[in-house]
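The values are calculated or read from the model by the stated rules, or taken from the named source; none is laboratory data. Only a predicted model underlies this, so the values are computations on that prediction, with no experimental measurement involved. Virtual Cβ from ideal backbone geometry, glycine too; neighbours counted across all protein chains shown. Heavy atoms of the whole protein, side chains included, go into the accessibility calculation; ligands, DNA and RNA do not. Shrake-Rupley method; radii C 1.70, N 1.55, O 1.52, S 1.80 Å.
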Amino acid sequence: MELTRLSSRFPAASMYLSQILLIERDYGTVSNTRLSKRLKVSKPAVTQSVKRLIKLELLSQDPYGTIKLTPEGRSIAEQVIIRHYLIEHLLIEKLGYPWDKTDEEALLLQGVMSRHLTEHLNETFDHPDRCPHGNPFPGSPAEHELLCAPRLDTMKPGSTVTLIRITEEGEDLEGLLKFCNTHNLRPGRTFTIEDLSETAAAVSCSDTQSTLEIPLIYAQHLCISPEKQ
C-alpha cells in the first residue's frame, strides 16, 4: 500500500507504524503499554488503532500482547522514518529552521511527502546515514553503532566522550532538545565527564572552558562514543 494512500485513509497510521519500529529497534519488543506511553495517548486508543492496522495486515499481535510489524508494515514504517529524517535535513540545512524544533515539524509532514520528493531529497543530501539528531536511517551502515552506543549516564567520571546520538525517546522528552540546542550539545560535540550524581552529569567542554550540569533524565538519552585510549 502506498504511504500517501494509507495516510489519507488512516492519518495516524504513519505515526503508529514508525513509532513501533523505533521502539522495536531500541528495546526489542513493543507492547500496547509502551506504545501508549510513547505516543502519549490512552491505552484504549492504542488498542483500537492496533486492531485497525492488524486488519490492514500491517501488524500482528501474539497472545502475550507483543506487537509486530508485518513485512509490508515494516516497509511503510521505514519509509516514514526516512522521510522524517530527510525533512529534518531540509529544514535545518536549506531553510535554517531551528535545530530543536524540526522534529515536531517533520512529524506533521512525514505521512504526506511523495516518493519523488523523498528520492530528490535523498540525492540532494548525498544519502545521509543519520538525522541531524544522530538517529540512524533504517538499514544504514551506521545503524548498529548508533543504536548500541552507551548512554552518558552509564559512563565513569574522567571519561572523554563525543556525543553521537540523541535518542528518539529523548527527542520526545519535554525540554531536552531545547536544552541541547541552548548549550550546543549536538552530535559531534566532545566533552569530559567530571561527575555523576543521582540528579545530574557534570561535564566540561574544552572549547568553552566551562562546566555544564546535564539533568540525569536528559543524560539517559544522550548516546556517546568514548575516546579511544
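Structure data summary
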item	result
Spatially proximal lysines relative to residue 94 (Cα-Cα < 23 Å; intrachain offsets below 8 disregarded)	178
Given the chain, longest segment not containing exposed loop trypsin sites (Lys or Arg not before Pro) (DSSP; at most 16 other Cβ within 10 Å)	102-227
Volume per residue that the Cα convex hull of the range 57-162 spans, once the total is divided by residue count, Å³	160 Å³
Euclidean distance between Cα centres, the range 183-229 to the range 133-165, Å	13 Å
Two-decimal ratio, the range 168-229, of alpha-carbon radius of gyration to 2.2 N^0.38 Å	1.09
Net charge over other residues, Cβ less than 12 angstrom from the Cβ of residue 125 (K, R count +1; D, E count -1)	-4
For residue 196, net neighbour charge (Lys/Arg +1, Asp/Glu -1) across residues whose Cβ lies under 14 Å away	-3
Estimated dipole of the chain in Debye, rounded to 20 [Cβ of Lys and Arg +1, of Asp and Glu -1, Cα centre]	880 debye
At least 20 Å along the helix axis (C-alpha) and Kyte average at least -0.5, DSSP helices within the chain	13-27, 71-89
Computed log₁₀ I(q)/I(0) - Debye formula, equal Cα scatterers, no solvent, the chain, q 0.11, 0.14, 0.17 Å⁻¹	-0.59, -0.92, -1.25
Accessible area, probe 1.4 Å, largest first, for residues 144, 133, 127, 221	144, 127, 221, 133
Loop-located chymotrypsin sites (Phe, Trp or Tyr not before Pro) in the range 2-72, at most 14 other Cβ atoms within 10 Å (DSSP)	64
With all protein chains modelled, accessible area of residue 72 [1.4 Å, Å²]	70 Å²
